[in-house]
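Structure first, then comments.
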Amino acid sequence: MNMTYLLLDLGLVALAILLIFMSKNGFAANRKYIGLAVMINVFAFSIPTEFLTQLKVIVFNPPYLTGTILWQLPVEELLALLALPLMGLAIYLYLNSRYPDQKYQPYSLALSNLMLGVCIAMLYFGYQKYYTLFTFAILLLLLLYIEYVNNLRFMYRFYRAFLVSLIPFYIFYGIAANLPVVQFHQEATLDFNLLGLPFETPFYFMSMMLFSVYFYELFKSKAKS
């Protein structure tokens, strides 16, 4: 039994908890919304992740795992599906509490439209590759819904937090992919790596984080109404 991947997950969880407690709103005021948002994310993203694992697009190396399997996924991967969006949501809350100014919110739609264009282009060129297809189809649907159906406005704050979140994200996956705890089947990707990871991987994380932030904002708005 090896606890490498588990320790990486716990490191992200510890960072997230620290940031949530450091935010001015505090943990007590947000814990219910945070918990619900992140748990829904775990259930939702365990489905495509499990499918990609069954197709051998994502491969986990047993020497770095505890050996515990749940829903046909290593328990460490399920914890990663919790830890990564929790870390992103914690950064989102921390930045919102420290820098509440929303003056750039009107420009977020233009950035979202650019991202929609990127998703369409990636799907056009990579629709035959499973990792590309899953990643950009999920992100495309999320962006379309949040920008053009949903009434909550938070995308500027989301993009700001996502950019900051890429720092711990690349540290986490940089270690995991280089050991390697996790590997990606190149034929299922665009075969273009960014800082040692498939190009699709940060966008898959982007979907997870956006999904969690949306549900956090949704639950919070419902509680206020």
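The residues of the stretch 129-141 that are buried (at least 20 other Cβ atoms within 10 Å of the Cβ) and farther than 19 Å from Leu55 by Cα amount to a single one, Leu139. Checking each residue in the stretch 116-128 for being within 20 Å of the chain's Cα centre (by Cα) and crowded, with 19+ Cβ neighbours inside 10 Å picks out Cys119, Met122. Give the stretch 144-188 a look and list any residue that's more than 20 Å from Leu65 (Cβ to Cβ) and of a type in the set (Ser, Thr, Tyr), or say none. Within the stretch 144-188, Tyr145, Tyr148, Tyr156, Tyr159, Ser165, Tyr170 qualify.
Of all residues in the stretch 181-222, those being surrounded by 21 or more Cβ atoms within 10 Å (Cβ to Cβ) and touching a Gly at 6+ places or on another chain (Cβ under 6 Å) number 1. Among the residues of this structure, Pro63 does not count as one that is loosely packed, with under 13 Cβ neighbours inside 10 Å and under 20 Å from Arg157 (Cβ atoms).
Would you say Asn178 is within 28 Å of Asn61 (Cα to Cα), more than 17 Å from the chain's Cα centre (by Cα) and touching a residue at least 12 places away in the same chain (Cβ under 8 Å)? Taking the combined requirement at face value, the residue satisfies it.
Annotation: of all residues in the stretch 29-60 being without any contact (Cβ under 8 Å) to a residue 60 or more places away in the chain, touching a helix residue (DSSP H, G or I) at 6+ places or on another chain (Cβ under 9 Å) and among the polar types (S, T, N, Q), the one that is surrounded by the most Cβ atoms within 10 Å (Cβ to Cβ) is Thr49. Residues in the stretch 153-170: is at least one buried (at least 17 other Cβ atoms within 10 Å of the Cβ) and over 17 Å from the mean Cα position of the chain (by Cα)? No, the stretch 153-170 contains no residue that is buried (at least 17 other Cβ atoms within 10 Å of the Cβ) and over 17 Å from the mean Cα position of the chain (by Cα).
Scanning the stretch 1-57 for residues that are modelled with pLDDT under 85 and part of a helix (DSSP H, G or I) gives Thr4, Ile20, Phe21, Met22, Arg31. So is Gln72 out of contact with any helix residue (DSSP H, G or I) (no Cβ under 8 Å at 6 or more places or on another chain) and more than 21 Å from Gly174 (Cα to Cα) or not? Here the answer is no, as Gln72 does not meet what is asked. When you go through Tyr64, Tyr92 one by one, which is the residue that is aromatic (Phe, Trp, Tyr) and either touching a Lys or Arg at 6+ places or on another chain (Cβ under 9 Å) or closer than 16 Å to Tyr33 by Cα (or both)? Just a single option satisfies the conditions, and that option is Tyr92.
Entry remark, the stretch 66-92: residues being hydroxyl-bearing (Ser, Thr, Tyr) and surrounded by fewer than 19 Cβ atoms within 10 Å (Cβ to Cβ) number 2 in total. Taking every residue in the stretch 202-213 that is closer than 19 Å to Phe184 by Cβ and pairing it with any residue that is β-branched (Val, Ile, Thr) and surrounded by 23 or more Cβ atoms within 10 Å (Cβ to Cβ), at least 6 positions away or on another chain, the pairs with Cβ-Cβ distances below 8 Å are Phe203/Thr135; Tyr204/Thr135; Ser207/Thr135.
The values are calculated or read from the model by the stated rules, or taken from the named source; none is laboratory data. Keep in mind it's a predicted model, so treat the numbers as computed, not measured. Cβ atoms come from the backbone with ideal geometry, glycine included; neighbour counts cover every protein chain shown.
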